[in-house]
Amino acid sequence: MLEELFYQEKELFLQKLHPAAAMLHICTLLVLSLIFTNPLYLVGIFLCTGLSVYALEGLQTWKLFIKGGLLMTVPIMIINPLVSRAGATILWHGPRLPVFGKITVSLEAVFYGAVMSMRLLDVISIFCLYNIMVHPDKALNILERFAFKSALVLSLATRMFPAMIRHLENIKQVQVVRGVDFSTGSFRQKLDKYTNLIYILLLSSLEDSMEMAEAMQARAFGSGRRMCYVRDVFKPEDFICAASSMTALFVGALGAVKGYGVMNFYPYLGSVYSMGDIYLLAFMLAMLSVPTLLSWGWHRCRYFR
């Protein structure tokens, strides 16, 4: 199950985008989810992100991210109305507690907690999209022109966690074949079994590090100017996706400056939508959906290829 949390090559259209275009699209979604407070905008960004995840066949991975996000959003929706006293529309008066004082639950605090929870789900979904859309090595290759040694360290660090999980699963399967039962025994016996797994994993990791160092030395790393075996080039679909993302970001930021997509919560709830909000949201979501639409056409229409 943990393998689904990491990048998997599926030969899909969105995975074939240039890493700069893909990261620009993801950063646009992230920035827009942070600057808008209107729930309609946040729901729209959530649905747009979900369509991209669906196009990447990552619904199972998204489900895992959403489950983890709900563990954080539910406490926010419960705690915020209990501790916030800025709202004017009181729904319930509670008892007086020694530290918190008199408990009052307002409509504005409930609504604010729900909107902030929606924003958190947006951010978690966007990171899920990044995780299944952009190859870690390709993302770090963008930094190679500025600091290739630092990019190498980051690349090795991002590889370490999924590689260690795969090694741990393989070691555990070997131990099970040899007759070790991890589900039986006392707590001390189980602890000894898993401690042995960690010890074997440590030795395996040290051996892998030595092999990686030998491979880097054999390839003369750091001895001169670095050469690139494969270069990512901007294709027409990359320009289209990058242009649509930049347009959505520019229009969204301009609309936020003019007051669209920004909602007041305290002391009274402001208006949720206006016709200007509807037009701006529709145009912005249309621009953000361009990569998903191109993906749909690339997989179903030969003229898109």
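The values are calculated or read from the model by the stated rules, or taken from the named source; none is laboratory data. None of the values given here were measured: they were computed from a predicted structure. Every residue, glycine as well, gets a Cβ built from its backbone with ideal geometry; the counts of neighbours run over all protein chains shown.
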Residue check: is GLU237 outside any loop (DSSP other than H, G, I, E, B), more than 30 Å from TYR279 (Cα to Cα) and modelled with pLDDT of 80 or more?
no
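When you look at GLY252, is it in a helix (DSSP H, G or I), in the same structural domain as PRO19 (by TED's automatic domain parsing) and out of contact with any Ser or Thr (no Cβ under 7 Å at 6 or more places or on another chain), yes or no?
So GLY252 passes the test.
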Would you call TYR41 crowded, with 22+ Cβ neighbours inside 10 Å and farther than 18 Å from ALA243 by Cα?
yes
Within the range 165-213, how many residues are closer than 30 Å to LEU152 by Cα and touching a Lys or Arg at 6+ places or on another chain (Cβ under 8 Å)?
1
Single residue of LEU254, LEU293, LEU285, LEU269 found to be surrounded by 14 or more Cβ atoms within 10 Å (Cβ to Cβ) and within 18 Å of LEU32 (Cα to Cα):
LEU285
Counting just the residues of the range 163-176 that are crowded, with 16+ Cβ neighbours inside 10 Å and in contact with a Phe, Trp or Tyr (Cβ under 9 Å, 6 or more places away or on another chain), which one comes out farthest from PHE6 (Cα to Cα)?
GLN175
